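Read the structure below first, then the notes.
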Amino acid sequence: MEPAILRDRFEDVAFTTAVPFSEDTDDVRRDALAKNLADLYDAGARLFVPCGNTGEYYALTDEERISIVETHVEATGDDAVVVAGAGGSVREVTGLAAAYEDAGADAVMVMHPTHTYINESALADYYHEICDGTDLGIVIYKRGPEISREVVIELAGREEVVAVKFAVNDIREFAQTVEDAPEDVTWVNGIAERYALSFAIEGATGYTTGIGNFIPEATLALFDALETGEFERAREIRRLLRPLEDLREEPGPANTLPAGNNVPVIKYGQELAGAVGGPVRTPLRSLSAADERRVEECYERIDGATLER
């Protein structure tokens, strides 16, 4: 898919998909994943991001990652866009990108760098080498200060870079980065529904969703309200969804680290909605019984609301 077309297609809700595992977590349940994806597509999802953090990227093998991307391509329609996550060394990212391209993916999202030691100019070189090593569109995923504004701006000037997923809760930094960067790239709010309004006002024309895995109609209704400038309607929907996002940010059981609930909330929500969530793999842990009840309460409120598109 041509970069210009991909940039346009990123002006949408990007569904970062969860992966259903077998009860012992040894295997990916491809049949259940395919059913989940088909249901999301039928609900209106058209932009899919497998093998991201919602998809437990670092708990997967490369073989599983490729298989998951194949399932996404097979289970969604010809008009769907599949953007698969890849991280690690340049060789690992470009190797996965080649396999993803063979599977039918449209773009690769380069995961936020996890290297212990980083040189800023060499990090730019890292991304340039990845751009040079694949024919797929590139999405830069920024989750922290390791990718500086200067590096983002430099990379945004490349034709291959079709979108920047900005997943840092710093609207001031986002606004200044958008102001300073080339105009062609698409800006994606990577911290989902809670701050969709603020980021949209400052230039984000798309956003990612995790809770869309089990309430797709609600997040698509929010996007429609933003796109048509119905900001009061968008605020109403945002207020309805925010308790789920707040719960995802909490540590969860036997944990002092933030956001341990992130993926477990999604997987439990999928079960409530009739999809297959399944267990999480370590280093995550399932929700506590109290948090399960909170998800149930949130889901009942959202399910009972009128959110036609």
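Of the candidates Pro258, Pro251, Pro243, the single residue that is more than 18 Å from Pro50 (Cα to Cα), in contact with a Gly (Cβ under 6 Å, 6 or more places away or on another chain), open to solvent by 10 Å² or more (accessible area, probe 1.4 Å) and not hydroxyl-bearing (Ser, Thr, Tyr) is Pro251.
For the range 270-290, the tally of residues that are β-branched (Val, Ile, Thr) and closer than 24 Å to Arg301 by Cβ stands at 1. Output the residue which, of all residues in the range 189-218 that are over 13 Å from the mean Cα position of the chain (by Cα) and touching a residue at least 60 places away in the same chain (Cβ under 8 Å), is farthest from Ala305 (Cα to Cα). This residue is Thr205. Considering the range 126-148, the residues that are assigned to a helix (DSSP H, G or I) and open to solvent by less than 80 Å² (accessible area, probe 1.4 Å) include one that is nearest to Val93 (Cα to Cα), namely Ile130.
Within the group Ile171, Ile211, which residue is modelled with pLDDT of 95 or more, open to solvent by less than 10 Å² (accessible area, probe 1.4 Å) and out of contact with any strand residue (DSSP E or B) (no Cβ under 9 Å at 6 or more places or on another chain)? Step by step, each of Ile171, Ile211 is checked, and only Ile211 is modelled with pLDDT of 95 or more, open to solvent by less than 10 Å² (accessible area, probe 1.4 Å) and out of contact with any strand residue (DSSP E or B) (no Cβ under 9 Å at 6 or more places or on another chain).
Out of Ala86, Ala107, one residue alone is closer than 18 Å to Asp12 by Cα and surrounded by 23 or more Cβ atoms within 10 Å (Cβ to Cβ). It is Ala107. Only one of the numbered conditions (1) more than 19 Å from the chain's Cα centre (by Cα); (2) of a type outside the set (Asp, Glu); (3) open to solvent by 20 Å² or more (accessible area, probe 1.4 Å); (4) more than 14 Å from Leu307 (Cβ to Cβ) is violated by Arg233, and that is (4). Ile302 meets all of the listed conditions (1) without any contact (Cβ under 8 Å) to a residue 12 or more places away in the chain; (2) under 19 Å from Thr54 (Cβ atoms); (3) among the aliphatic types (A, V, I, L, M) but one, namely (1).
Scanning the range 1-19 for residues that are hydrophobic (A, V, I, L, M, F, W, C) and in a loop (DSSP other than H, G, I, E, B) yields Met1, Phe10, Ala18, Val19. Only residues that are open to solvent by less than 20 Å² (accessible area, probe 1.4 Å), within 25 Å of Thr114 (Cβ to Cβ) and either without any contact (Cβ under 8 Å) to a residue 40 or more places away in the chain or not in a helix (DSSP H, G or I) (or both) were counted in the range 52-81, giving 7. If you go through the range 21-51 and keep only what is among the aromatic types (Phe, Trp, Tyr), open to solvent by less than 30 Å² (accessible area, probe 1.4 Å) and within 17 Å of Thr209 (Cβ to Cβ), you end up with just Phe48.
Could you list, in sequence order, the residues of the range 136-185 that are more than 25 Å from Tyr117 (Cβ to Cβ) and among the acidic types (Asp, Glu)? Correct list: Glu159, Glu160, Glu179, Asp180, Glu183, Asp184.
Here the range 261-288 is the region considered, the condition is being under 18 Å from Ile191 (Cβ atoms) and among the polar types (S, T, N, Q), and the residue that is surrounded by the most Cβ atoms within 10 Å (Cβ to Cβ) is Asn261.
The values are calculated or read from the model by the stated rules, or taken from the named source; none is laboratory data. Not measured: the values here are computed from a predicted model. Reconstructed Cβ throughout: ideal geometry from the backbone, glycine too, with neighbour counts over all protein chains shown. Side chains are part of the model used for accessible areas, which takes the heavy atoms of the whole protein and leaves out ligands, DNA and RNA. Shrake-Rupley method; radii C 1.70, N 1.55, O 1.52, S 1.80 Å.
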